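Before any comments, here is the structure.
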Amino acid sequence: MRLISILSALVASVSLVSGSVAHAGEQGADLVLVAGATGRTGRHVVTELLAQGHTVRVLSRSEASAREAFGDTVQVVEGDVRDPDSLVPAVAGVRYIVSAVGSSGRADPENSPEAVDYHGVRNMVEAAKAAGTVEHFVLVSSMGITQPTHPLNRFANNILLWKGLGENALRFSGLDYTIVRPGGLVDEPGGKAGIRAGQGDTMEQGYIPRADVARVCVAALGNPAANRVTLEVIGDPDRDTVDWEAFFAALEADSQEGISF
Ligand SMILES: NC(=O)c1ccc[n+]([C@@H]2O[C@H](COP(=O)([O-])OP(=O)(O)OC[C@H]3O[C@@H](n4cnc5c(N)ncnc54)[C@H](OP(=O)(O)O)[C@@H]3O)[C@@H](O)[C@H]2O)c1
(Lines give C-alpha, C1' and ligand atoms only; values in the text may rest on other atoms or scores of the structure.)
Protein backbone atom coordinates (compact mmCIF):
# COMPACT_ATOMS: atom_id res chain seq x y z
CA MET A 1 0.00 0.00 0.00
CA ARG A 2 1.27 3.41 -0.96
CA LEU A 3 0.90 5.10 2.44
CA ILE A 4 2.75 2.28 4.12
CA SER A 5 5.60 2.42 1.65
CA ILE A 6 5.88 6.16 2.14
CA LEU A 7 5.93 5.68 5.90
CA SER A 8 8.55 2.97 5.61
CA ALA A 9 10.74 5.34 3.68
CA LEU A 10 10.20 7.99 6.33
CA VAL A 11 11.48 5.78 9.11
CA ALA A 12 14.51 4.66 7.13
CA SER A 13 17.52 5.25 9.32
CA VAL A 14 20.61 6.74 7.77
CA SER A 15 23.68 8.14 9.49
CA LEU A 16 23.80 11.87 9.99
CA VAL A 17 26.89 13.84 9.13
CA SER A 18 27.87 16.77 11.27
CA GLY A 19 29.95 19.77 10.36
CA SER A 20 30.78 23.29 11.39
CA VAL A 21 29.08 26.41 10.15
CA ALA A 22 29.84 30.09 10.36
CA HIS A 23 27.30 32.74 11.36
CA ALA A 24 25.78 34.55 8.39
CA GLY A 25 27.38 37.96 8.09
CA GLU A 26 30.60 36.99 9.83
CA GLN A 27 32.44 36.46 6.58
CA GLY A 28 32.50 38.35 3.32
CA ALA A 29 30.90 36.35 0.55
CA ASP A 30 27.51 35.37 1.87
CA LEU A 31 25.25 34.93 -1.07
CA VAL A 32 21.90 33.49 0.05
CA LEU A 33 19.58 31.64 -2.32
CA VAL A 34 15.89 31.91 -1.46
CA ALA A 35 13.67 29.33 -3.18
CA GLY A 36 9.96 30.09 -3.04
CA ALA A 37 10.88 33.76 -2.70
CA THR A 38 7.76 34.96 -4.50
CA GLY A 39 5.59 33.09 -2.00
CA ARG A 40 4.03 34.60 1.08
CA THR A 41 6.72 33.35 3.48
CA GLY A 42 9.58 33.60 1.00
CA ARG A 43 8.98 37.33 0.53
CA HIS A 44 9.53 37.88 4.24
CA VAL A 45 12.72 35.81 4.09
CA VAL A 46 14.06 38.05 1.33
CA THR A 47 13.08 41.21 3.22
CA GLU A 48 14.76 39.97 6.39
CA LEU A 49 17.95 38.95 4.57
CA LEU A 50 18.22 42.26 2.72
CA ALA A 51 17.65 44.14 5.98
CA GLN A 52 20.57 42.24 7.47
CA GLY A 53 22.83 43.15 4.56
CA HIS A 54 22.98 39.82 2.77
CA THR A 55 23.27 39.45 -0.96
CA VAL A 56 20.16 37.60 -2.10
CA ARG A 57 19.51 35.45 -5.14
CA VAL A 58 15.98 34.23 -5.70
CA LEU A 59 14.86 31.14 -7.54
CA SER A 60 11.53 31.72 -9.24
CA ARG A 61 9.50 30.03 -11.92
CA SER A 62 8.90 33.49 -13.32
CA GLU A 63 11.63 36.10 -13.59
CA ALA A 64 8.94 38.71 -14.26
CA SER A 65 7.17 37.87 -10.97
CA ALA A 66 10.44 38.03 -9.08
CA ARG A 67 11.33 41.38 -10.62
CA GLU A 68 7.86 42.68 -9.84
CA ALA A 69 8.28 41.65 -6.22
CA PHE A 70 11.89 42.68 -5.60
CA GLY A 71 12.95 45.03 -8.41
CA ASP A 72 16.71 45.00 -8.76
CA THR A 73 17.41 44.43 -5.05
CA VAL A 74 18.10 40.74 -5.68
CA GLN A 75 19.66 38.44 -8.24
CA VAL A 76 17.07 36.34 -10.07
CA VAL A 77 17.48 32.88 -11.53
CA GLU A 78 14.48 31.47 -13.36
CA GLY A 79 14.03 27.82 -12.52
CA ASP A 80 11.73 25.11 -11.30
CA VAL A 81 12.54 22.70 -8.50
CA ARG A 82 11.12 19.88 -10.64
CA ASP A 83 13.83 20.54 -13.22
CA PRO A 84 17.29 19.69 -11.81
CA ASP A 85 19.16 21.39 -14.67
CA SER A 86 17.50 24.70 -13.86
CA LEU A 87 18.87 24.55 -10.32
CA VAL A 88 22.53 24.44 -11.33
CA PRO A 89 22.87 28.19 -12.03
CA ALA A 90 20.66 28.96 -9.02
CA VAL A 91 23.01 27.33 -6.51
CA ALA A 92 26.32 28.32 -8.13
CA GLY A 93 28.54 30.06 -5.59
CA VAL A 94 25.82 30.15 -2.94
CA ARG A 95 26.75 30.01 0.75
CA TYR A 96 23.31 29.58 2.31
CA ILE A 97 19.94 28.34 1.06
CA VAL A 98 16.48 28.98 2.48
CA SER A 99 13.63 27.10 0.85
CA ALA A 100 10.04 28.21 1.45
CA VAL A 101 8.84 26.37 -1.62
CA GLY A 102 5.45 24.72 -1.38
CA SER A 103 3.41 22.68 -3.83
CA SER A 104 0.02 23.67 -5.11
CA GLY A 105 -1.72 20.91 -3.13
CA ARG A 106 -4.70 19.77 -5.18
CA ALA A 107 -4.80 22.91 -7.32
CA ASP A 108 -2.23 21.83 -9.92
CA PRO A 109 -1.65 18.09 -10.38
CA GLU A 110 1.57 18.87 -12.25
CA ASN A 111 2.90 20.75 -9.24
CA SER A 112 1.90 18.15 -6.68
CA PRO A 113 3.29 17.54 -3.18
CA GLU A 114 5.13 14.50 -4.54
CA ALA A 115 6.70 16.54 -7.36
CA VAL A 116 7.56 19.63 -5.32
CA ASP A 117 7.70 18.87 -1.59
CA TYR A 118 9.59 15.63 -2.11
CA HIS A 119 11.32 15.44 -5.50
CA GLY A 120 11.75 19.21 -5.74
CA VAL A 121 13.37 19.46 -2.32
CA ARG A 122 15.55 16.47 -3.11
CA ASN A 123 16.60 18.13 -6.38
CA MET A 124 17.59 21.26 -4.49
CA VAL A 125 19.55 19.23 -1.97
CA GLU A 126 21.41 17.38 -4.73
CA ALA A 127 22.16 20.65 -6.50
CA ALA A 128 23.41 22.16 -3.24
CA LYS A 129 25.71 19.21 -2.64
CA ALA A 130 27.07 19.39 -6.18
CA ALA A 131 27.71 23.14 -5.88
CA GLY A 132 30.17 22.45 -3.07
CA THR A 133 29.84 25.93 -1.56
CA VAL A 134 26.66 25.57 0.51
CA GLU A 135 27.32 25.79 4.24
CA HIS A 136 23.76 25.64 5.56
CA PHE A 137 20.36 24.78 4.09
CA VAL A 138 17.21 25.90 5.91
CA LEU A 139 13.99 24.18 4.85
CA VAL A 140 10.47 25.35 5.71
CA SER A 141 8.42 22.19 6.27
CA SER A 142 5.30 21.77 8.42
CA MET A 143 4.00 20.62 11.76
CA GLY A 144 2.16 17.29 11.58
CA ILE A 145 4.72 15.54 9.38
CA THR A 146 4.74 12.49 11.63
CA GLN A 147 0.96 12.09 11.65
CA PRO A 148 -0.16 9.94 8.70
CA THR A 149 -3.84 10.37 9.54
CA HIS A 150 -3.58 14.18 9.64
CA PRO A 151 -6.47 15.68 7.61
CA LEU A 152 -4.00 17.52 5.36
CA ASN A 153 -2.80 14.17 4.02
CA ARG A 154 -6.37 13.26 3.09
CA PHE A 155 -7.22 16.62 1.57
CA ALA A 156 -3.94 17.55 -0.11
CA ASN A 157 -2.50 14.44 -1.71
CA ASN A 158 -0.45 13.23 1.27
CA ILE A 159 1.34 16.53 1.46
CA LEU A 160 2.75 15.95 4.93
CA LEU A 161 4.09 12.53 4.04
CA TRP A 162 5.80 13.92 0.94
CA LYS A 163 7.19 16.80 2.96
CA GLY A 164 8.56 14.23 5.40
CA LEU A 165 10.44 12.54 2.59
CA GLY A 166 11.72 15.94 1.48
CA GLU A 167 12.93 16.54 5.03
CA ASN A 168 14.78 13.25 4.98
CA ALA A 169 16.47 14.08 1.69
CA LEU A 170 17.98 17.08 3.45
CA ARG A 171 18.46 15.44 6.84
CA PHE A 172 20.56 12.64 5.41
CA SER A 173 22.34 14.65 2.74
CA GLY A 174 25.50 15.41 4.67
CA LEU A 175 24.75 19.15 4.37
CA ASP A 176 24.42 21.29 7.45
CA TYR A 177 20.73 22.05 7.83
CA THR A 178 17.82 23.32 9.87
CA ILE A 179 14.25 22.13 9.31
CA VAL A 180 11.59 24.60 10.46
CA ARG A 181 8.10 23.14 10.86
CA PRO A 182 5.54 25.90 11.34
CA GLY A 183 2.00 25.54 12.60
CA GLY A 184 -0.76 27.30 10.67
CA LEU A 185 0.60 30.28 8.75
CA VAL A 186 -1.09 33.66 9.07
CA ASP A 187 -0.40 36.97 7.34
CA GLU A 188 -0.02 39.11 10.42
CA PRO A 189 2.95 41.35 11.17
CA GLY A 190 6.05 39.65 12.52
CA GLY A 191 8.04 40.58 15.59
CA LYS A 192 4.96 41.36 17.67
CA ALA A 193 4.95 38.25 19.87
CA GLY A 194 7.30 35.55 21.03
CA ILE A 195 7.89 32.30 19.18
CA ARG A 196 7.43 28.94 20.87
CA ALA A 197 9.61 26.07 19.67
CA GLY A 198 8.96 22.36 20.00
CA GLN A 199 10.63 19.17 18.88
CA GLY A 200 9.32 15.71 18.09
CA ASP A 201 6.09 16.96 16.48
CA THR A 202 4.24 16.77 19.79
CA MET A 203 3.33 20.44 20.05
CA GLU A 204 -0.29 21.53 20.21
CA GLN A 205 -1.55 23.06 16.97
CA GLY A 206 -1.05 26.80 16.82
CA TYR A 207 -0.51 29.66 14.44
CA ILE A 208 2.44 31.80 13.50
CA PRO A 209 2.88 34.82 11.22
CA ARG A 210 4.78 34.01 8.03
CA ALA A 211 7.06 36.94 8.85
CA ASP A 212 8.06 35.22 12.10
CA VAL A 213 8.80 31.96 10.29
CA ALA A 214 11.10 34.01 8.07
CA ARG A 215 12.82 35.45 11.14
CA VAL A 216 13.44 31.93 12.49
CA CYS A 217 14.90 30.83 9.14
CA VAL A 218 17.26 33.78 8.89
CA ALA A 219 18.31 33.54 12.54
CA ALA A 220 19.15 29.86 11.97
CA LEU A 221 21.45 30.50 9.01
CA GLY A 222 25.00 29.60 9.88
CA ASN A 223 24.12 29.31 13.57
CA PRO A 224 25.91 26.27 15.07
CA ALA A 225 23.14 25.84 17.66
CA ALA A 226 20.63 25.43 14.82
CA ASN A 227 22.69 22.93 12.86
CA ARG A 228 21.11 19.47 12.29
CA VAL A 229 18.06 20.69 14.19
CA THR A 230 14.40 20.03 13.40
CA LEU A 231 11.94 22.26 15.23
CA GLU A 232 8.26 23.12 15.26
CA VAL A 233 7.29 26.77 15.69
CA ILE A 234 4.12 28.60 16.71
CA GLY A 235 3.49 32.07 18.04
CA ASP A 236 3.85 32.67 21.78
CA PRO A 237 1.37 35.33 22.92
CA ASP A 238 2.85 35.25 26.44
CA ARG A 239 6.04 36.94 25.22
CA ASP A 240 6.71 39.93 23.06
CA THR A 241 10.29 39.26 22.00
CA VAL A 242 12.55 36.36 21.07
CA ASP A 243 15.94 35.82 22.68
CA TRP A 244 17.51 34.06 19.69
CA GLU A 245 20.49 32.73 21.61
CA ALA A 246 18.27 31.09 24.23
CA PHE A 247 15.79 30.00 21.57
CA PHE A 248 18.33 27.91 19.66
CA ALA A 249 20.35 26.87 22.72
CA ALA A 250 17.29 25.02 24.08
CA LEU A 251 17.05 22.81 20.98
CA GLU A 252 18.59 19.39 20.47
CA ALA A 253 20.26 18.23 17.28
CA ASP A 254 18.62 15.34 15.44
CA SER A 255 19.82 11.98 16.68
CA GLN A 256 22.36 9.93 14.77
CA GLU A 257 19.71 7.22 14.39
CA GLY A 258 17.39 9.60 12.60
CA ILE A 259 14.01 11.12 13.36
CA SER A 260 11.01 9.06 14.49
CA PHE A 261 8.04 9.72 12.27
N1 LIG B 1 -0.35 27.30 4.79
C2 LIG B 1 -0.02 26.88 6.00
O3 LIG B 1 -0.73 27.11 6.99
C4 LIG B 1 1.26 26.12 6.18
C5 LIG B 1 1.52 25.55 7.42
C6 LIG B 1 2.75 24.92 7.63
C7 LIG B 1 3.68 24.87 6.61
N8 LIG B 1 3.40 25.41 5.39
C9 LIG B 1 4.45 25.36 4.35
O10 LIG B 1 5.21 26.55 4.46
C11 LIG B 1 5.83 26.85 3.19
C12 LIG B 1 5.51 28.29 2.81
O13 LIG B 1 4.10 28.45 2.70
P14 LIG B 1 3.48 29.75 1.97
O15 LIG B 1 2.02 29.71 2.25
O16 LIG B 1 4.27 30.96 2.33
O17 LIG B 1 3.77 29.37 0.45
P18 LIG B 1 3.18 30.02 -0.89
O19 LIG B 1 2.75 31.42 -0.65
O20 LIG B 1 2.17 29.06 -1.46
O21 LIG B 1 4.47 30.05 -1.82
C22 LIG B 1 4.99 28.89 -2.38
C23 LIG B 1 6.23 29.26 -3.17
O24 LIG B 1 6.74 28.06 -3.79
C25 LIG B 1 7.03 28.36 -5.13
N26 LIG B 1 6.91 27.16 -5.96
C27 LIG B 1 5.85 26.35 -6.08
N28 LIG B 1 6.13 25.36 -6.95
C29 LIG B 1 7.38 25.58 -7.39
C30 LIG B 1 8.21 24.90 -8.32
N31 LIG B 1 7.80 23.81 -8.97
N32 LIG B 1 9.47 25.38 -8.53
C33 LIG B 1 9.90 26.50 -7.87
N34 LIG B 1 9.14 27.18 -6.99
C35 LIG B 1 7.90 26.72 -6.76
C36 LIG B 1 6.00 29.39 -5.53
O37 LIG B 1 6.46 30.07 -6.67
P38 LIG B 1 5.49 30.60 -7.82
O39 LIG B 1 5.36 32.05 -7.53
O40 LIG B 1 6.25 30.30 -9.06
O41 LIG B 1 4.18 29.82 -7.72
C42 LIG B 1 5.99 30.27 -4.30
O43 LIG B 1 7.05 31.19 -4.34
C44 LIG B 1 5.25 25.82 2.22
O45 LIG B 1 6.16 24.74 2.12
C46 LIG B 1 3.98 25.34 2.92
O47 LIG B 1 3.60 24.03 2.50
C48 LIG B 1 2.20 26.03 5.16
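Summary of computed values
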quantity: Evaluation of Gly164 against (1) farther than 14 Å from Val98 by Cβ; (2) surrounded by fewer than 24 Cβ atoms within 10 Å (Cβ to Cβ); (3) not aliphatic (A, V, I, L, M) (one fails), failing number; calculated: (2)
quantity: Verdict on Ala69 being at pLDDT 95 or above and not β-branched (Val, Ile, Thr); calculated: yes
quantity: Pairs with Cβ under 7 Å, 6+ apart, first in the stretch 47-59 and polar (S, T, N, Q), second away from the ligand (no atom under 14 Å from the Cβ) and modelled with pLDDT under 95; calculated: Gln52/Gly25; Thr55/Asp30
quantity: Answer residue from the stretch 20-51, given it is assigned to a loop (DSSP other than H, G, I, E, B) and modelled with pLDDT of 95 or more and is surrounded by the most Cβ atoms within 10 Å (Cβ to Cβ) among those; calculated: Ala37
quantity: Given (1) at pLDDT 95 or above; (2) within 16 Å of the ligand (Cβ to nearest atom); (3) out of contact with any Pro (no Cβ under 8 Å at 6 or more places or on another chain); (4) farther than 18 Å from Ala169 by Cβ, number of the condition Ser104 does not satisfy; calculated: (1)
quantity: Some residue of the stretch 170-178 being basic (Lys, Arg), within 12 Å of the chain's Cα centre (by Cα), more than 9 Å from the ligand (Cβ to nearest atom) and not in a loop (DSSP other than H, G, I, E, B); calculated: yes
quantity: Hits in the stretch 113-168 - residues which are more than 14 Å from the ligand (Cβ to nearest atom), more than 14 Å from the chain's Cα centre (by Cα) and not in a loop (DSSP other than H, G, I, E, B); calculated: Glu126, Lys129, Ala130, Ala131, Arg154
quantity: Tally, over the stretch 44-81, of residues that are over 21 Å from Ala128 (Cβ atoms) and near the ligand (Cβ under 8 Å from one of its atoms); calculated: 2
quantity: Where Val76 falls short, out of the listed (1) farther than 25 Å from Ile159 by Cα; (2) in contact (Cβ under 8 Å) with a residue 40 or more places away in the chain; (3) hydrophobic (A, V, I, L, M, F, W, C); (4) touching a helix residue (DSSP H, G or I) at 6+ places or on another chain (Cβ under 6 Å); calculated: (2)
quantity: Contacts under 9 angstrom Cβ, first residue in the stretch 172-199 being at negative phi and without any contact (Cβ under 8 Å) to a residue 24 or more places away in the chain, partner among the small types (Gly, Ala, Ser) and within 13 Å of the ligand (Cβ to nearest atom), 6 or more apart; calculated: Glu188/Ala211; Glu188/Gly235; Pro189/Ala211
quantity: The stretch 52-66, subset charged (D, E, K, R) and outside any strand (DSSP E or B), residue surrounded by the fewest Cβ atoms within 10 Å (Cβ to Cβ); calculated: Glu63
quantity: Flag for Ser104 being assigned to a helix (DSSP H, G or I) and of a type in the set (Gly, Ala, Ser); calculated: no
quantity: Subset of the stretch 200-214 (residues that are in contact (Cβ under 8 Å) with a residue 40 or more places away in the chain and within 14 Å of the ligand (Cβ to nearest atom)); calculated: Asp201, Met203, Gln205, Arg210, Ala211, Val213, Ala214
quantity: Failed criterion for Ser112 (all others in (1) under 21 Å from Phe155 (Cβ atoms); (2) surrounded by fewer than 17 Cβ atoms within 10 Å (Cβ to Cβ) hold); calculated: (2)
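The values are calculated or read from the model by the stated rules, or taken from the named source; none is laboratory data. The shown structure was predicted, so the numbers you read here are calculated from the model rather than taken from an experiment. As a convention, Cβ positions derive from the backbone with ideal geometry for all residues, glycine included, and neighbour counts pool all protein chains shown.
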